[in-house]
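These notes concern the structure reproduced below.
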Amino acid sequence: MDEDDSVFLENKREIERFVGIEAYTTPQIEGIGGIYKHSFKDFIVKEIINDGITLEIKENYPTMDFSQQQKDKYTTFNLVKINKDTFEILRDLSQALKIPSELIHYSGLKDRVSISVQKISIKGDHVDKLKKLKLRDVFIRSIKPTKKPVKIGGNWGNTFIITIRNIVSKKNLSKQIEILINKLKEEGFLNYFGLQRFGIYRPNSHLVGRYLLESRFEKAFNEYVSTIYLTESENIQKIRNGLNLDGDLKKAYSEFPKGMYYERVMINHLIENPNDFEGCFDLLPPDLKNLLISAFQSYIFNKMISLRAEKGISFNNPVKGDAISILDDDNGHITQINYVYGNLQGKYDKYLNEAIKLNRAVIVIPIVGYDTNLSDFPLMSKIFEEVIQREKINYNIFNSELLYQYEFKGSFRAMVIKPIGLKIIEFEEDEYFKGSKKLKIEFSLVKGTYATMLLRELMK
């Protein structure tokens, strides 16, 4: 893609293909259609902490005092946010408490268009300040001192309560929903990294991440700041196009909305340090750079699933060369206990098949990093090689210093996820779209998986 190109993505399916999301586990069953996130109230996310307890939106336990005798080091609380971005809240907390953002810890990002509750920790004693803090559409509850902080990936998962609206009413719709819900329970959905990983309106994080790993910093800057995506508002498109046409950084700095904080920071850096494109990215928070790089890894993962589908290889039944991970007995997460299906003349295949049927094991796909041993994934390593050939990616990208700096050793991820406790709460007339139906469902997912990918399978 040339730097001055506009990216034409006319609908959600095109955006999904742009980030590697192409296949379904149930392509033979028609989806129910409809829309979600008509209102932030239609998308509720509640974090499940590692002891299996689900946080509740309105819970607010009595505040406890900080105690040096108890060796308290962090202030931990429930953060409830309404229709706000997690990074935006972290910036607001940092500014309000006059502390570096690096002192704030969280286990995962939550959807912006939602009502969500999650655990947050801040290093030090901030009990009194947090009790008095007022932020719009943010509620701080159940404040207590702790010895340890919340950690990235430290939660078990999330519970979702989601309303799908504007479903066209038709004959046998109720039966169709029942069939799809049962299929999702039995067969699960493809564990793609969802659009949130790449950007809903500007789905290019993976491209920026790739250019950073390739040390193409000017191209990374142009992709982040000036490439036009027609999924954005016309006003933002106009501002980006103006920068493309005249290259006037000072004008662009004055025109970019203050809410587009990082674009303005990078533009200002170039004004003061002409052509220092690498320095622009040094100004971004480590968490954001981490997300950009991981988005590239996520894109490769998505493309591997889609290429497997293109080749007609089963998702639910392992084939020779598949890597199988045994799930943890306590929490159902994947473990380092792995087997290769068909290895040793199929010595363990019977047991692996049984474990998969009992939801005690899953087929896993590598998230390739600098330390990934592709020989542990005989089947998917061939698919990986074909993906990077199609994408014209030099394998040396996986030896980038940035991967070492941000500790992207590589890992693996379940190819298919089965929701827990999936159930219908309501199926009735939609009060917002007359003549249409609404469906409210509840389910839980382990950490790192995307509710939107379950909805995609249901709605198509």
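The values are calculated or read from the model by the stated rules, or taken from the named source; none is laboratory data. Computed from a prediction, not measured in an experiment: that's the story for all the values here. Here the Cβ positions follow ideal geometry from the backbone for every residue, glycine too, while neighbour counts run over all protein chains shown.
Quick notes on this structure:
- Residue among Asn155, Asn191 that is of a type outside the set (Ser, Thr, Tyr), at pLDDT below 95 and over 30 Å from Lys434 (Cβ atoms): Asn155
- The stretch 155-176, subset in contact with a Lys or Arg (Cβ under 8 Å, 6 or more places away or on another chain) and of a type in the set (Gly, Ala, Ser), residue nearest to Pro419 (Cα to Cα): Gly157
- Matching residues in the stretch 422-460 - criterion: being without any contact (Cβ under 8 Å) to a residue 24 or more places away in the chain and touching a Pro at 6+ places or on another chain (Cβ under 8 Å): none
- Evaluation of Asp349 against the conditions (1) buried (at least 16 other Cβ atoms within 10 Å of the Cβ); (2) under 25 Å from Lys289 (Cα atoms) shows that the sole unmet condition is (2).
- Among residues of the stretch 263-286, those that are touching a residue at least 12 places away in the same chain (Cβ under 8 Å), within 25 Å of the chain's Cα centre (by Cα), part of a helix (DSSP H, G or I) and surrounded by fewer than 17 Cβ atoms within 10 Å (Cβ to Cβ), counted: 2
- Residue that is surrounded by the most Cβ atoms within 10 Å (Cβ to Cβ) [pool: residues in the stretch 391-417 that are closer than 14 Å to Ile300 by Cβ and without any contact (Cβ under 8 Å) to a residue 12 or more places away in the chain]: Tyr395
- Any helices (runs of 4 or more DSSP H) falling wholly within the stretch 129-236 and containing at least 2 residues that are closer than 16 Å to Met459 by Cα and among the aliphatic types (A, V, I, L, M): 173-187
- Restricting attention to the stretch 367-389, the residues being out of contact with any Lys or Arg (no Cβ under 8 Å at 6 or more places or on another chain) and either closer than 22 Å to Phe296 by Cβ or acidic (Asp, Glu) (or both) number 12.
- Residue match in the stretch 73-84 (condition: surrounded by fewer than 17 Cβ atoms within 10 Å (Cβ to Cβ), farther than 24 Å from Asn302 by Cβ, in contact with a strand residue (DSSP E or B) (Cβ under 7 Å, 6 or more places away or on another chain) and not aliphatic (A, V, I, L, M)): yes
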